[in-house]
Amino acid sequence: FFKTGKGEYGQGDKFWGITVPNIRTVAKKYYIDISLNDIKELINSEIHEIRLTGYIILTYKYEKDDRKENIVTFYLNNLQGVNNWDIVDLSCPKILGNYLLKHPEKRYLLYQLANSNNLWEKRISIVSTYPLIKKGEFTDTLQISSILLSHNHDLIHKAVGWMLREVGKKDITVLRDYLNENIKDIPRTTLRYAIEKMDKEQKDKYLNMGINKQA
């Protein structure tokens with residue numbers, strides 16, 4: 001699931017092979033008593049699963065704690081351990097995404113992340129819009145998708161396509177309009193993810209429209 005070879009996105013990451021359900025069991029057992037300082041120690045670990053445990057604990061704290069802004073601030077100030085796609089996807093929607101759903105005046109944070117030079121911060125910017133999509137708010141997803149369309153990494157292509165697909169689940173017309181307007185700029189991988197739930201005729205239509213765009 002992870003590319004850890006020389007020059008690959010996960011180069012140098014170390015794994016123990018612990019499954020996410022087992023990590024969640026540990027996180028649920030300790031999240032109430034563990035402090036932010038303790039979490040900081042976890043997320044600075046060289047072991048992938050230890051970092052993931054720290055961020056999953058933070059999602060549980062965000063859900064239950066009244067000091068949500070403090071937790072969001074801590075998260076954004078400690079993104080150094082969010083350095084693989086699973087840690088991004090399991091943390092940012094539940095923390096940053098849910099916070100921005102209730103605090104639209106802070107959504108400029110998404111655009112700062114989208115314009116970052118860091119691959120993972122860019123992925124955070126688009127995946128964090130998932131809670132907005134579920135509530136029928138698509139503007140930020142579409143705007144950030146457009147910012148990221150020119151990125152050359154397939155982990156960004158996949159994330160953008162995933163979020164566009166989720167938009168389509170809520171409102172297929174919005175997705176079609178976006179594809180029709182941007183089809184020539186959409187990477188092949190992004191397009192395939194975005195149209196995954198369409199019928200064969202619609203898929204073929206968009207794949208043919210975007211035929212000259214490289215993956």
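Here are the numbers for this structure:
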{"item": "Filter pass, LEU42 being touching a helix residue (DSSP H, G or I) at 6+ places or on another chain (Cβ under 7 Å) and under 20 Å from TRP162 (Cβ atoms)", "result": "no"}
{"item": "Flag if GLU105 is under 23 Å from ASN182 (Cα atoms), out of contact with any helix residue (DSSP H, G or I) (no Cβ under 6 Å at 6 or more places or on another chain) and surrounded by fewer than 21 Cβ atoms within 10 Å (Cβ to Cβ)", "result": "no"}
{"item": "Residue satisfying condition, being modelled with pLDDT of 95 or more, of a type outside the set (Gly, Ala, Ser) and in a loop (DSSP other than H, G, I, E, B), within set GLU166, GLU196", "result": "GLU196"}
{"item": "Of the criteria (1) closer than 20 Å to TYR130 by Cβ; (2) open to solvent by 40 Å² or more (accessible area, probe 1.4 Å), which one LEU179 fails", "result": "(2)"}
{"item": "Options ILE34, ILE23; residue that is out of contact with any Phe, Trp or Tyr (no Cβ under 9 Å at 6 or more places or on another chain), more than 13 Å from SER128 (Cα to Cα), assigned to a loop (DSSP other than H, G, I, E, B) and among the hydrophobic types (A, V, I, L, M, F, W, C)", "result": "ILE34"}
{"item": "Enumeration of residues in the range 108-137 that are part of a loop (DSSP other than H, G, I, E, B), open to solvent by 30 Å² or more (accessible area, probe 1.4 Å) and within 24 Å of ASP171 (Cβ to Cβ)", "result": "LYS135, GLY136, GLU137"}
{"item": "Looking only at the range 148-174, and only at residues there that are within 15 Å of LYS122 (Cβ to Cβ) and among the small types (Gly, Ala, Ser), the one that is surrounded by the fewest Cβ atoms within 10 Å (Cβ to Cβ)", "result": "SER150"}
{"item": "Some residue of the range 171-192 being assigned to a helix (DSSP H, G or I) and either small (Gly, Ala, Ser) or under 22 Å from GLY81 (Cα atoms) (or both)", "result": "no"}
{"item": "Neighbours by Cβ (under 9 Å, 6+ apart or cross-chain): first from the range 60-87, closer than 18 Å to PRO131 by Cβ; second acidic (Asp, Glu)", "result": "ILE71/ASP65; VAL82/GLU121"}
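The values are calculated or read from the model by the stated rules, or taken from the named source; none is laboratory data. Everything numeric in this text was worked out from a predicted model, so none of it was measured. Using ideal geometry, Cβ is built from the backbone for each residue, glycine included, and neighbour counts are taken over all protein chains shown. Accessible surface areas use protein heavy atoms only, side chains included; no ligands, DNA or RNA. Shrake-Rupley method; radii C 1.70, N 1.55, O 1.52, S 1.80 Å.
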